[in-house]
Amino acid sequence: MKLTINEQVHELNAPDEMPILWALRDVLGMTGTKFGCGKSLCGACTVMLDGNPIRSCVTPVKAAENKSITTIEAISEQKTGQAIQNAWIENNVPQCGYCQSGQIVSATALLNANPQPNDEDINNAMSGNICRCGTYNRIRDAIKQAANKLEADHEG
Ligand code: FES
Ligand code: FES
C-alpha cells in the first residue's frame, strides 16, 4: 500500500485495517501525532485527510489510499499552520503538551475552512480535542490571534 503523507509517498507493508496512527508512529516512526484514548474520544491523534481533521486512531490506512495525509510534522509548511504555531508560541498555549499536536491540526483545519471563527465556531470545531491541563482559553486566544494575523497579512 502507498500512503501520501506530508506530500511524500511512503510504501507501507501493513494490513488495510491498521489505524493510520499505528502506521504513522509504529511503522514510519512519525511520533508527533499522539495516542490518547484510541477510541475517537480525545483528539490527540488528529491529522488531516485531504484537509479535513480526522481521528487517526480509528481511521484505517485503507481509507487514506489515494488521499493526502498531513501531520503535525508538516503543519507549518501551510501558511495557516505556520500562523497557528506562531500564535501558540506567543500565547504559551501548551502546558504538558500532550494534546497539543492534535489541537494545532484541528485549529489549522478550522481556519482553513473559516478564516474568522467566532467563539461558537471555535467551540464547535475544537470540542473533540480534550485538554486535561485546561488550556482552552489560551487555545481560543491563539486561534483568534492567528486569524487576525492572517487577515492583516492578506490585506497588507
Ligand atoms: S487517540 Fe484518537 S481520539 Fe483519542
Ligand atoms: S496541554 Fe496537557 S493535555 Fe493539553
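Listed by first and then second residue, the pairs linking a residue in the stretch 145-156 that is within 16 Å of Pro117 (Cβ to Cβ) to a residue that is hydroxyl-bearing (Ser, Thr, Tyr) and assigned to a helix (DSSP H, G or I), with Cβ atoms under 8 Å apart and 6 or more places separating them unless they lie on different chains, are Ala146/Thr80; Leu150/Thr80.
Among the criteria (1) of a type outside the set (S, T, N, Q); (2) touching a residue at least 60 places away in the same chain (Cβ under 8 Å); (3) not assigned by TED's automatic domain parsing to the domain that holds Glu151, the one Met30 does not fulfil is (2). The number of residues in the stretch 43-58 being more than 16 Å from ligand 2 (Cβ to nearest atom) and at positive phi comes to 2.
Conditions (1) within 15 Å of ligand 2 (Cβ to nearest atom); (2) over 16 Å from Leu3 (Cβ atoms); (3) modelled with pLDDT of 95 or more, marked per residue:
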| residue | (1), (2), (3) |
| --- | --- |
| Gly36 | yes, yes, yes |
| Leu41 | yes, yes, yes |
| Pro60 | no, no, yes |
| Ala64 | no, no, yes |
| Lys67 | no, no, yes |
| Glu73 | no, no, yes |
| Cys99 | yes, yes, yes |
| Ala107 | yes, yes, yes |
| Asn114 | no, yes, yes |
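Pairs are defined by a Cβ separation below 9 Å, a sequence spacing of at least 6 or placement on different chains, a first member in the stretch 123-137 that is over 14 Å from Ile84 (Cβ atoms), and a second member that is among the charged types (D, E, K, R) and at pLDDT 95 or above; the pairs so defined are Asn123/Arg140; Gly128/Arg55. Close contacts from the stretch 66-94, counting a first residue that is free of Cβ contacts under 8 Å to residues at least 60 places away in the same chain and a second that is surrounded by 19 or more Cβ atoms within 10 Å (Cβ to Cβ) and assigned to a loop (DSSP other than H, G, I, E, B), with Cβ to Cβ under 9 Å and a gap of 6+ residues or different chains, come to Ile72/Met30; Ile72/Thr33; Ile72/Lys34; Trp88/Pro94; Val93/Thr135; Pro94/Thr135.
In the set Asp121, Asp153, only one residue is farther than 23 Å from Arg55 by Cα, more than 16 Å from ligand 2 (Cβ to nearest atom) and in a helix (DSSP H, G or I); that residue is Asp153.
A quick yes/no check of all residues on (1) open to solvent by less than 70 Å² (accessible area, probe 1.4 Å); (2) at positive phi; (3) modelled with pLDDT of 95 or more; (4) within 13 Å of the chain's Cα centre (by Cα):
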{"site": "Met126", "(1), (2), (3), (4)": "yes, no, yes, yes"}
{"site": "Arg132", "(1), (2), (3), (4)": "no, no, yes, no"}
{"site": "Tyr136", "(1), (2), (3), (4)": "no, no, yes, no"}
{"site": "Arg140", "(1), (2), (3), (4)": "yes, no, yes, no"}
{"site": "Glu155", "(1), (2), (3), (4)": "no, no, no, no"}
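The values are calculated or read from the model by the stated rules, or taken from the named source; none is laboratory data. What you see is a predicted model, and the numbers here were worked out from it, not measured in a lab. Cβ: placed from backbone, ideal geometry, glycine included. Neighbour counts: every protein chain shown. Note: areas computed on protein heavy atoms with side chains; ligands, DNA, RNA excluded. Shrake-Rupley method; radii C 1.70, N 1.55, O 1.52, S 1.80 Å.
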